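Here the structure comes first, spelled out in structure tokens, and everything after it is commentary.
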Amino acid sequence: MTPRPVHLRVNGRTHTVTVAAHASLMHVLRNDLAQNGPKYGCGLGQCGSCTVLVDGRAARACVIPAAGVEGRAITTLEGLGTIDRPHPVQQAFVDAQAAQCGYCLNGMIMATTALLGDTPRPDAAEIAAALSHNLCRCGTHVEIVAAVLVAIDRLASR
């Protein structure tokens with residue numbers, strides 16, 4: 001098919017990009033819009049490193065056609081906070097030292113943000129379920145869960 005213009009609302013700003021029908025949201029975010037939070041991991045929607053929020057819900061950007069989310073609110077890691085004013089979830093991951101290699105962190109942070117947007121006080125089972133679709137090869141799961149718990153407290157005290 002012929003490439004066509006698509007209007008994407010990313011991190012509160014509307015962008016018009018010309019994309020092929022098969023272009024994934026992840027590739028458009030990274031290659032056209034310089035949003036490097038979403039990582040290419042498996043390309044099959046199974047590892048979670050490409051997770052973004054679409055209308056507040058965690059979604060795998062590598063398997064979503066960019067044209068399929070036209071006009072919807074897309075939030076990347078860069079859209080959560082800034083270096084000077086990180087989102088409470090981002091800051092919780094820093095404070096809990098929830099990174100080793102860091103490749104999974106985009107997905108873990110975005111999945112946590114989506115979870116806490118829906119369930120402000122999740123229990124251990126809800127946290128485990130929300131993060132279960134994000135693979136961490138380094139084994140920092142204990143620190144990641146600790147970061148989620150810190151984020152829960154920080155968001156509750158806002």
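The values are calculated or read from the model by the stated rules, or taken from the named source; none is laboratory data. Quick caveat: nothing in here was measured; it's all calculated off a predicted structure. Positions of Cβ are generated from backbone atoms using ideal geometry, with glycine treated the same way; all protein chains shown enter the neighbour counts.
Annotations
- Applying the criterion of being assigned to a helix (DSSP H, G or I) and without any contact (Cβ under 8 Å) to a residue 40 or more places away in the chain to the residues of the stretch 78-92, the residue that is nearest to Arg137 (Cα to Cα) is Gln90.
- The stretch 106-129, residues that are of a type outside the set (Ser, Thr, Tyr), touching a residue at least 24 places away in the same chain (Cβ under 8 Å) and touching a Ser or Thr at 6+ places or on another chain (Cβ under 9 Å): Asn106, Gly107, Met108, Ile109, Met110, Ala111, Ala114
- Which numbered condition Gly71 fails, given (1) at pLDDT 95 or above; (2) touching a strand residue (DSSP E or B) at 6+ places or on another chain (Cβ under 9 Å); (3) small (Gly, Ala, Ser): (1)
- Against the numbered list (1) in a loop (DSSP other than H, G, I, E, B); (2) within 24 Å of Ala125 (Cβ to Cβ); (3) outside the structural domain of Gly139 (by TED's automatic domain parsing), Leu53 comes up short only at (1).
- The set of residues from the stretch 15-33 being in contact (Cβ under 8 Å) with a residue 40 or more places away in the chain and among the β-branched types (Val, Ile, Thr) comprises Val17, Val19.
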